[in-house]
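Participant: My questions all concern the structure below.
The values are calculated or read from the model by the stated rules, or taken from the named source; none is laboratory data. Every value quoted in this text rests on a predicted model; they were computed, and no experiment measured them. Cβ atoms come from the backbone with ideal geometry, glycine included; neighbour counts cover every protein chain shown. Areas reflect the complete protein model, heavy atoms only, side chains present, ligands, DNA and RNA absent. Shrake-Rupley method; radii C 1.70, N 1.55, O 1.52, S 1.80 Å.
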Amino acid sequence: MRAVHLTLEDFRSYDIAEVELAPGITAFVGANGAGKTNLLEAIYLCARGESPRAGEDPELVRWGRSVARVRTHVSRTNEERRVELLFFSPANGERKRQRRYLLDGVPKRAEDALGELTVVAFFPEDVQLLGDAPSVRRRYLDAMVGQNERTHRRQTREYQRILEQRNALLRAMRDEGRSDDELEFWDIELCRVGGAISARRRLAVDELREPFLEALERFGGDGHARLVYSPESAGMSADDRAQEFRAMLAEKREKELWQGTSLVGPHREDLSLTVAGRDLPSFASRGEQRSAVLALKLAEASWLLARTGESPIFLLDDVLSELDPVRRDSLVRALPVGAQTVVTAALPVGLPTALLEIASLVPVPLKAVERP
């Protein structure tokens, strides 16, 4: 699997730009602020449908424009596809417009257009992944699993709607004395969808543990490190988790009514890394945390390869310049042979020699392209 060609129109800092991506390693080289990260973000969007940096779609649209477009030509075994996303920035008074997804030029739902390419990305802010809020790690797991299972992407959105409806009902019961007649329905839905989400996450973490420890050893990490998905559970199937949620809902019913919010479900779970029972971020240096996150990303790549049969595309945003020489060389050696990799760097000297010798260097900003 690889991204062959990338086209941007009114996306971020770009008016219109096109670039061919090498089958092996493409290195975007340019000064800070030149637009290197925007190129990686565009590929990421075509793969996952979400931005690692933007909270709202209008942030993706070039200033003064109303529509942004990103398009990636994808080459897979015996198949060529074109994934395209459109983002809108309505002017004052205009109604907000939902983004559009197209596959080979045909409008599609998000779950049908995404998944044509898979990526493993490391952006500078990812170094905080293990020490950030639990919601960040839940999103990370959902994005990883969702690249392989379209049902998971759909159910995470469905679960969010269930949660919003159930929380609104709990608040109405607390504040307005509303009857609990409807709560049973939302309890059933929370357990059904939440149980499936939790089971997939737990299975994924279980399958990540071995490749994670192998990758961590490359960076000199502690062999006693342990990936934990909490709270831990004896049940791994969706039905097991649904039954556990059902029992927990009965136990916490009064507390939920008092607080007006749902206290049971996958939105209360977390992924953590412990060493000798202690959370790694509580004592590790920034360099050690960066190594742990890199190991997690390499484990993610192994997981995706095992599930899809194809290596994902690696997106490395200025990560190599922040590593010491030993960790930098370890990362380059850990990249799967033949996997497509797109990296950014301020200067060519920021890239390891072994990588520089085989990379296709692309100066950024890209050359301007005339509009058709």
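Participant: Among the candidates 262, 321, 291, 302, which residue alone is small (Gly, Ala, Ser) and assigned to a loop (DSSP other than H, G, I, E, B)?
Facilitator: Going through 262, 321, 291, 302 in turn, just one is small (Gly, Ala, Ser) and assigned to a loop (DSSP other than H, G, I, E, B): 262.
Participant: May I pose another question? So, in segment 2-26, how many residues would count as being open to solvent by 30 Å² or more (accessible area, probe 1.4 Å) and on the phi > 0 side of the Ramachandran plot?
Facilitator: Adding up the residues that qualify gives 1.
Participant: Then there's this: Any idea which residue in segment 140-187 is farthest from residue 246 (Cα to Cα), counting only those that are part of a helix (DSSP H, G or I) and of a type in the set (Lys, Arg)?
Facilitator: The selected residue is 150.
Participant: A further question on this structure: Give the residue, chosen from 339, 284, 368, that is assigned to a loop (DSSP other than H, G, I, E, B), within 29 Å of residue 14 (Cβ to Cβ) and modelled with pLDDT under 85.
Facilitator: 368
Participant: Restricting to segment 173-224, count the residues that are of a type in the set (Gly, Ala, Ser) and at pLDDT 95 or above.
Facilitator: 6
Participant: Check 215, 172, 225, 168 and return the single one that is of a type in the set (Gly, Ala, Ser) and within 18 Å of residue 144 (Cα to Cα).
Facilitator: Just a single option satisfies the conditions, and that option is 215.
Participant: What number of residues in segment 226-253 are more than 13 Å from residue 198 (Cα to Cα) and open to solvent by less than 10 Å² (accessible area, probe 1.4 Å)?
Facilitator: Looking only at that region, the number is 2.
Participant: Looking for something of a type outside the set (Gly, Ala, Ser), within 30 Å of residue 259 (Cβ to Cβ) and assigned to a loop (DSSP other than H, G, I, E, B) - is there at least one such residue anywhere in segment 113-130?
Facilitator: There is at least one residue in segment 113-130 that is of a type outside the set (Gly, Ala, Ser), within 30 Å of residue 259 (Cβ to Cβ) and assigned to a loop (DSSP other than H, G, I, E, B).
Participant: Residue 272 versus (1) within 25 Å of residue 146 (Cα to Cα); (2) open to solvent by less than 10 Å² (accessible area, probe 1.4 Å): which is the lone unmet condition?
Facilitator: So the condition that residue 272 fails would be (2).
Participant: Of all residues in segment 326-372, which are of a type in the set (S, T, N, Q), touching a residue at least 24 places away in the same chain (Cβ under 8 Å) and open to solvent by 10 Å² or more (accessible area, probe 1.4 Å)?
Facilitator: Selection gives 360 alone.
Participant: In segment 340-357, what count of residues is obtained for those that are closer than 16 Å to residue 22 by Cα and of a type outside the set (Val, Ile, Thr)?
Facilitator: Count: 4.
Participant: Under the condition of being surrounded by fewer than 16 Cβ atoms within 10 Å (Cβ to Cβ) and hydroxyl-bearing (Ser, Thr, Tyr), which residue from segment 143-180 is farthest from the chain's Cα centre (by Cα)?
Facilitator: In this case the residue turns out to be 179.
Participant: Also: Restricting attention to segment 34-89, and to residues there that are among the β-branched types (Val, Ile, Thr) and in a helix (DSSP H, G or I), which single residue is least open to solvent (accessible area, probe 1.4 Å)?
Facilitator: My answer is 43.
Participant: Only one of these conditions is not met by residue 58: (1) in contact with a Pro (Cβ under 8 Å, 6 or more places away or on another chain); (2) modelled with pLDDT of 95 or more. Which number is it?
Facilitator: Exception for residue 58: condition (2).
Participant: Output the number of residues of segment 95-109 satisfying the condition of being at pLDDT 95 or above, within 19 Å of residue 57 (Cα to Cα) and either loosely packed, with under 11 Cβ neighbours inside 10 Å or among the hydrophobic types (A, V, I, L, M, F, W, C) (or both).
Facilitator: Looking only at that region, the number is 1.
Participant: In this structure, is residue 249 of a type outside the set (Lys, Arg), within 22 Å of residue 148 (Cα to Cα) and assigned to a helix (DSSP H, G or I)?
Facilitator: Spelling it out, it is not the case that residue 249 is of a type outside the set (Lys, Arg), within 22 Å of residue 148 (Cα to Cα) and assigned to a helix (DSSP H, G or I).
Participant: State all residues of segment 124-138 that are closer than 17 Å to residue 299 by Cα and without any contact (Cβ under 8 Å) to a residue 40 or more places away in the chain; if no residue qualifies, say none.
Facilitator: Result: no residue meets the conditions.
Participant: On the given criteria, is residue 338 touching a Ser or Thr at 6+ places or on another chain (Cβ under 8 Å) and under 15 Å from residue 37 (Cβ atoms)?
Facilitator: In short, no.
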